[in-house]
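The structure appears below as structure tokens.
The values are calculated or read from the model by the stated rules, or taken from the named source; none is laboratory data. Computed from a predicted structure; not experimentally measured. Heads up, the Cβs are rebuilt from the backbone with ideal geometry, glycines too, and the neighbour counts pull from every protein chain shown.
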Amino acid sequence: MTTSTATPTDTFADADAADTVDDRPVRTTAEVPRLGTVLGVWAHPDDEVYLSGGLLAAAAAAGQRVVVVTATRGERGTDDPATWPPARLARVRSREIVSSLAVLGGDRIEHRFLGDEQGVCHLDGYLAPEPAAGTLDELTAILDEVAPDTVLTFGPDGMTGHSDHRAVSAWTDLALAAARRRPRLLHATVTAGWVRDFGSLVTAMDDGKDVFAPSPASSLAVDLVLSGDAVALKLAALRAQASQTAATEQAVGAELYRAVVAGEWFRPAPGPDGAS
């Protein structure tokens with residue numbers, strides 16, 4: 001949602017969305033419309049629902065445009081490659097994300113795999129911080145076409161430290177620098193309370209000291225803890241990506257899993273795009 005009164009002959013499309021979007025913290029799903037048009041840029045299927053499923057559902061229900069971009073098909077997301085060879089898992093996860101997003105928003109959430117416009121399939125686990133020129137052009141073109149008010153993605157820490165997460169963060173920064181319009185950029189994060197209560201359940205993907213680094217509540221642009229129908233909807237969307245979620249929920253139990261995934265937190269990116 002913007003406060004501009006631009007007409008079709010104005011030059012608002014070239015303005016900075018971060019200067020016009022309502023940047024008050026979003027603390028309830030009813031306040032999600034403040035984020036305007038939302039674009040999420042993620043590394044693997046399921047990143048979007050774990051980190052922003054409730055937000056996406058609320059945005060879609062409010063009639064906002066919601067677009068999710070996924071860099072890979074997550075074909076290496078298994079501890080059992082004999083049962084789930086990459087080609088098979090890629091097919092399954094490609095279907096799962098479509099089903100999951102349909103749970104969250106019906107046909108109101110758009111999805112694209114980055115690379116499809118080039119006939120390229122980015123390989124899970126092999127994303128480099130410096131994207132190929134075609135990849136950067138494609139992501140920039142998506143930004144220009146969607147013209148989001150808010151972009152959601154990983155911070156440089158990649159949340160878990162996963163190299164693909166870190167790469168997608170860097171790709172998004174580069175594409176935003178080239179885009180015509182500068183939306184507000186928000187990075188996924190966690191809180192100290194989440195780390196205290198659930199940090200023992202997650203595993204860092206590298207040795208970086210920034211992994212699962214909590215953000216203070218005062219710094220958050222989005223501070224959502226889902227409950228009731230909102231968390232139930234998110235759980236249903238997660239279960240639609242069963243190749244990645246079923247074993248985890250079974251291992252920790254439904255009640256604890258519900259608590260682990262209820263929170264969704266984003267902090268403004270440093271600098272002008274995050275308006276921090």
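Given the condition within 24 Å of THR248 (Cβ to Cβ) and touching a helix residue (DSSP H, G or I) at 6+ places or on another chain (Cβ under 6 Å), answer yes or no: does some residue in region 108-118 qualify?
Of the residues in region 108-118, the ones within 24 Å of THR248 (Cβ to Cβ) are 109, 111, 113.
So of that shortlist, the ones also touching a helix residue (DSSP H, G or I) at 6+ places or on another chain (Cβ under 6 Å) come out as 109, 111.
Yes - at least one qualifying residue is present in region 108-118.
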*Quick one: SER243 ticks every box in (1) out of contact with any Leu (no Cβ under 8 Å at 6 or more places or on another chain); (2) within 20 Å of GLU48 (Cβ to Cβ) except a single one, so which number is it?*
(1)
*helices (runs of 4 or more DSSP H) wholly in region 157-276 with at least 1 residues that are among the hydroxyl-bearing types (Ser, Thr, Tyr), over 18 Å from the mean Cα position of the chain (by Cα) and farther than 28 Å from HIS122 by Cα - which ones?*
254-261
*Of the residues ASP124, ASP79, which single one is within 17 Å of GLN244 (Cα to Cα) and at pLDDT below 95?*
ASP79
*Scanning region 147-156 for residues that are aliphatic (A, V, I, L, M) and surrounded by 21 or more Cβ atoms within 10 Å (Cβ to Cβ), which turns out nearest to the chain's Cα centre (by Cα)?*
LEU152
*Inspect region 204-224 for any residue being loosely packed, with under 13 Cβ neighbours inside 10 Å and within 30 Å of THR83 (Cα to Cα) and give the result as yes or no.*
yes
*asked:* I'm trying to understand the selection: among the residues of region 4-30, which are touching a strand residue (DSSP E or B) at 6+ places or on another chain (Cβ under 9 Å), outside any loop (DSSP other than H, G, I, E, B) and modelled with pLDDT of 90 or more?
replied: VAL26, THR29
*Can you work out which of the residues in region 82-120 that are part of a loop (DSSP other than H, G, I, E, B) and in contact with a strand residue (DSSP E or B) (Cβ under 9 Å, 6 or more places away or on another chain) is modelled with the lowest pLDDT?*
GLY115
_Cβ-Cβ distance below 8 Å, separation of 6 or more or different chains: which pairs start in region 191-203 with a residue that is within 16 Å of VAL261 (Cβ to Cβ) and free of Cβ contacts under 8 Å to residues at least 40 places away in the same chain and end on one that is surrounded by 14 or more Cβ atoms within 10 Å (Cβ to Cβ) and among the hydrophobic types (A, V, I, L, M, F, W, C)?_
VAL195/PHE212; GLY199/PHE212
